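The values are calculated or read from the model by the stated rules, or taken from the named source; none is laboratory data. Values in this document were obtained by computation on a predicted structure and should not be read as measured data. Note that we place each Cβ from the backbone using ideal geometry, even for glycine, and neighbour counts take in every protein chain shown.
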Amino acid sequence: MEKKPYYITTAIAYTSGKPHIGNTYEIVLADSIARFKRLEGYDVRFQTGTDEHGQKIELKAEEAGITPQQFVDQVSGEIKRIWDLMNTSYDKFIRTTDKDHEKQVQKIFKKLYDKGDIYKGHYEGMYCTPCESFFTQSQLVDGKCPDCGREVQPAKEEAYFFKMSKYADRLIQYIEEHPEFIQPESRKNEMMNNFLKAGLQDLCVSRTSFRWGIPVDFDPKHVVYVWIDALTNYITGLGYDCEGNNDAMFEKYWPADLHLIGKDILRFHTIYWPIMLMALDLPLPKQVFGHPWLLQGDGKMSKSKGNVIYADDMADLFGVDAVRYFVLHEMPFENDGVITWELLVERLNSELANTLGNLVNRTISMSNKYFDGVVKNSGVEQEVDADLKAVVTQTIGKVREKMDKLRVADAMTEIFNLFKRCNKYIDETMPWALAKKEEDKPRLETVLYNLVESIAIGACLLEPFMPETSERILTQIHAEKRSFDELDKFGKYVSGTKVTDKPEILFARLDMEETMAKVEEIQKKQKGEPEVKYPEVEIKEEISIDDFDKVQIRVGEILHCEPVKKSKKLLVSQIRIGEEVRQIVSGIAQYYKPEEMVGKKVAVITNLKPVKLCGVESQGMILAAGDDDGNLSVLTLDRDMIAGSEIC
């Protein structure tokens, strides 16, 4: 039987810089949905990519002293690296600088112009460079951009415009007839009341004030503005051709089943994009979901604050699947989610290390301890088993219901409820007590079988959300990955299978203090503070207090200092130590000028045997600290002590 196609996309990431965890959340969310649809048996096409044109890119490239193409190549490569790091299973990574995409954008622009939906005019208004948007004075909020809150500048230029108003009534009717088109419901109301029913203005779709964009081929001084360039990636990535020579992939997968985007770009995807599709006589996507934002605990993420959280830093500290768990499970359906390093540690320790990791580890350990790892179903059932089986077999239906509504966090909660029920089952059945009596061994076998089977089903359900963890669990218990239709059937685990004899720790508990110390180093890097590189020092053997007491260290005041004539490295100082003045030679000429030393109160070892250095007698040693980078500092006192005072 041929699989039903399912096409899911993310918004394409803008190549202005490295994406933080809030940006990364979207690709992980889309991946979990795509993986779940594959588990259900769909033929999934999953597309993501990068948006690479515009004035902002042109300016950033100029600041970096490289070409715009070089700039976007670097940033797009970094975005793709992070998407891959997070184990996302996309089928297509499109770039808007791809030549086939650029060619189709030019053809689409010309088709809409020939049709009369695009016309030339002039634009005058307030322009926000970061958002690449024009606004009227009435649209500004406190004189600033209504979308990002940044400063705007007056701008006027010749431009092409798209006749949005021509299709507004048709779009309103479509949204009213398809209540599932915009999700969540609150987003739909916002688009309808604040934009569509308030009246649509024609949309600026070309620019002449910068060059980094796709040229309008019939009017080369214009470049295609972001909307037609970026939004059409969803069809050009499938092989759409506006002259009718579409790739078979386009015919198979369009219209998209789901556009997954951030709530801040909902207007572009639920108003501009559908109207473009109407003008091209193409069917509209089935659903656009505007997900909320993932915010830092103390407000908006900022590099200057040092509070930006990046996926690769998180993965280094916690592992990829722990990061996936957090961003998927902690994100509400409609409201913004909050992320803090402390919360990450807390969740890893409680949910991942304890609820899941400890369950798997002790189940395998008990199987090895009591039955040499062989898991056998002896069929000695009790009433408590029926309740466990009911929870486990009903979980798949609950998860599917949540995923159909895109409530991914709720779906994960159902899976972890299964694992929590397993932990409760251990407390109820007390395998350690059953192991004490030989006649209870068949019952113990059944208990352990029920646990392993429950874990196997839970691990299969976990795969869309935490794929590596799912595989590691199934590998340890030697269970096969099951099809979706088998996950509500208890007892598929083959009786007599032997689990691994060395269970691995899925998630190690983290010490909060140690982890936050590592976080502090990460934040210092973000603020531009140099990473502390501690010197490598040869460790000497331990000494007793009696050994140390043999060394006498006193405060010395430098009265006079000059270079040693026969050396470039040595300075000779006259140093007052109590009532006497000593002459000490030090190898510090590379670090201090003689006049810099005069007046310093330094730590001096006074009971060293005198030696001659380059013919000059030295009657002690000034203490100094040196590091691996060749820096040196003499040890001085932070308070004014009398010369000759003993240092102890």
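Residues that are among the charged types (D, E, K, R) and farther than 19 Å from Phe250 by Cβ: which strands (runs of 3 or more DSSP E) entirely in the range 1-111 hold 1 or more of them?
Working: elements: 5-10, 43-51, 92-95.
Correct list: 43-51.
Condition first: more than 25 Å from Glu52 (Cβ to Cβ) and not hydrophobic (A, V, I, L, M, F, W, C). Now tell me which residues in the range 126-145 satisfy that.
Once the filter is applied, which keeps residues that are more than 25 Å from Glu52 (Cβ to Cβ) and not hydrophobic (A, V, I, L, M, F, W, C), the range 126-145 yields Thr136, Gln137, Ser138, Gln139, Asp142, Gly143, Lys144.
Please tell me if Tyr160 is within 25 Å of Ile108 (Cα to Cα), among the hydroxyl-bearing types (Ser, Thr, Tyr), buried (at least 16 other Cβ atoms within 10 Å of the Cβ) and at pLDDT 90 or above. Talk me through it step by step, then tell me what you get.
Details: within 25 Å of Ile108 (Cα to Cα): yes; among the hydroxyl-bearing types (Ser, Thr, Tyr): yes; buried (at least 16 other Cβ atoms within 10 Å of the Cβ): yes; at pLDDT 90 or above: yes.
In short, yes.
Take the residues in the range 598-630 that are without any contact (Cβ under 8 Å) to a residue 12 or more places away in the chain and in a loop (DSSP other than H, G, I, E, B), then tell me which one is farthest from Leu570 (Cα to Cα).
The extreme case among them is Lys609.
Considering the range 125-148 alone, what residues qualify as being surrounded by fewer than 12 Cβ atoms within 10 Å (Cβ to Cβ) and of a type outside the set (A, V, I, L, M)? Break it down into steps so the answer makes sense when it comes.
Of the range 125-148, the ones surrounded by fewer than 12 Cβ atoms within 10 Å (Cβ to Cβ) are 136-138, 141-143.
Thr136, Gln137, Ser138, Asp142, Gly143, listed by residue number.
What single numbered condition from (1) at pLDDT below 95; (2) part of a strand (DSSP E or B); (3) more than 24 Å from Glu538 (Cα to Cα) fails to hold for Glu595?
The failed condition is (2).
So which residues in the range 474-502 are at pLDDT below 95, part of a helix (DSSP H, G or I) and more than 23 Å from Arg38 (Cβ to Cβ)?
The answer is none; no residue qualifies.
Here is a list: Lys565, Lys593, Lys569. Which entry is under 57 Å from the mean Cα position of the chain (by Cα), among the charged types (D, E, K, R) and under 17 Å from Cys614 (Cα atoms)?
Details: Lys565 fails: under 57 Å from the mean Cα position of the chain (by Cα); Lys593 fails: under 17 Å from Cys614 (Cα atoms).
When all the criteria are applied, what remains is Lys569.
For the range 175-253, which helices (runs of 4 or more DSSP H) that fit wholly inside it have 1 or more residues that are under 20 Å from Pro5 (Cβ atoms)? Write out each step before concluding.
On the way: elements: 185-191, 226-231, 233-236, 248-253.
It comes to 233-236, 248-253.
Yes or no: the range 70-81 includes at least one residue that is of a type in the set (A, V, I, L, M, F, W, C), in contact (Cβ under 8 Å) with a residue 24 or more places away in the chain and over 30 Å from Gly149 (Cβ atoms).
For the range 70-81, residues of a type in the set (A, V, I, L, M, F, W, C), in contact (Cβ under 8 Å) with a residue 24 or more places away in the chain and over 30 Å from Gly149 (Cβ atoms): absent.
May I ask you to say which residue of Asp202, Asp219 is farther than 18 Å from Gly54 by Cα and either surrounded by fewer than 22 Cβ atoms within 10 Å (Cβ to Cβ) or without any contact (Cβ under 8 Å) to a residue 12 or more places away in the chain (or both)?
Exactly one residue qualifies, and that residue is Asp202.
If you check every pair at least six apart or on different chains, which have Cβ atoms under 9 Å apart with a residue in the range 313-333 that is under 17 Å from Val519 (Cβ atoms) first and a residue that is acidic (Asp, Glu) second?
Pairs found: Gly319/Glu468.
Evaluate the following for His178: is it in contact with a Ser or Thr (Cβ under 8 Å, 6 or more places away or on another chain), modelled with pLDDT of 90 or more and not hydrophobic (A, V, I, L, M, F, W, C)?
Numbers: in contact with a Ser or Thr (Cβ under 8 Å, 6 or more places away or on another chain): no; modelled with pLDDT of 90 or more: yes; not hydrophobic (A, V, I, L, M, F, W, C): yes.
For His178, the condition - in contact with a Ser or Thr (Cβ under 8 Å, 6 or more places away or on another chain), modelled with pLDDT of 90 or more and not hydrophobic (A, V, I, L, M, F, W, C) - is not met.
Can you find a residue that is in a loop (DSSP other than H, G, I, E, B), assigned by TED's automatic domain parsing to the domain that holds Cys460 and touching a residue at least 40 places away in the same chain (Cβ under 8 Å) anywhere in the range 353-362? Talk me through it step by step, then tell me what you get.
Step one: of the range 353-362, the residues in a loop (DSSP other than H, G, I, E, B) are none.
The answer is no, given that none of the residues of the range 353-362 is in a loop (DSSP other than H, G, I, E, B), assigned by TED's automatic domain parsing to the domain that holds Cys460 and touching a residue at least 40 places away in the same chain (Cβ under 8 Å).
Output yes when any residue across the range 464-480 is free of Cβ contacts under 8 Å to residues at least 60 places away in the same chain, of a type in the set (Gly, Ala, Ser) and surrounded by fewer than 14 Cβ atoms within 10 Å (Cβ to Cβ), and no when none is.
no
Please identify the pairs in which a residue from the range 142-165 that is closer than 27 Å to Met276 by Cα has its Cβ atom under 8 Å from the Cβ atom of a residue that is polar (S, T, N, Q) and part of a strand (DSSP E or B), counting only partners at least 6 apart or on another chain.
Short answer, once both residue conditions are applied: Cys145/Ser133; Asp147/Ser133; Ala159/Ser206; Tyr160/Ser206.
Name the residues in the range 160-207 that are within 30 Å of Glu58 (Cα to Cα) and over 36 Å from the mean Cα position of the chain (by Cα), would you?
The answer is Tyr160, Phe161, Phe162, Lys163, Met164, Leu200, Gln201, Asp202.
May I ask you to say which residue of Val581, Val572 is touching a strand residue (DSSP E or B) at 6+ places or on another chain (Cβ under 8 Å) and under 29 Å from Val537 (Cα atoms)?
Numbers: Val581 fails: under 29 Å from Val537 (Cα atoms).
Exactly one of Val581, Val572 is touching a strand residue (DSSP E or B) at 6+ places or on another chain (Cβ under 8 Å) and under 29 Å from Val537 (Cα atoms), namely Val572.
Within the range 387-400, is there a residue that is polar (S, T, N, Q) and in a loop (DSSP other than H, G, I, E, B)? Walk me through how you get there before you give the answer.
Within the range 387-400, the first condition is being polar (S, T, N, Q), and the residues that meet it are 393-395.
Keeping just the survivors that are in a loop (DSSP other than H, G, I, E, B) gives none.
No, the range 387-400 contains no residue that is polar (S, T, N, Q) and in a loop (DSSP other than H, G, I, E, B).
Being under 29 Å from Asp316 (Cα atoms) and under 26 Å from the mean Cα position of the chain (by Cα), is that true of even one residue in the range 117-132?
No, the range 117-132 has no match at all.
Among the residues in the range 573-592, are any exposed (fewer than 15 other Cβ atoms within 10 Å of the Cβ), assigned to a strand (DSSP E or B) and either of a type outside the set (Val, Ile, Thr) or at pLDDT 90 or above (or both)?
Among the residues of the range 573-592, at least one is exposed (fewer than 15 other Cβ atoms within 10 Å of the Cβ), assigned to a strand (DSSP E or B) and either of a type outside the set (Val, Ile, Thr) or at pLDDT 90 or above (or both), which makes the answer yes.
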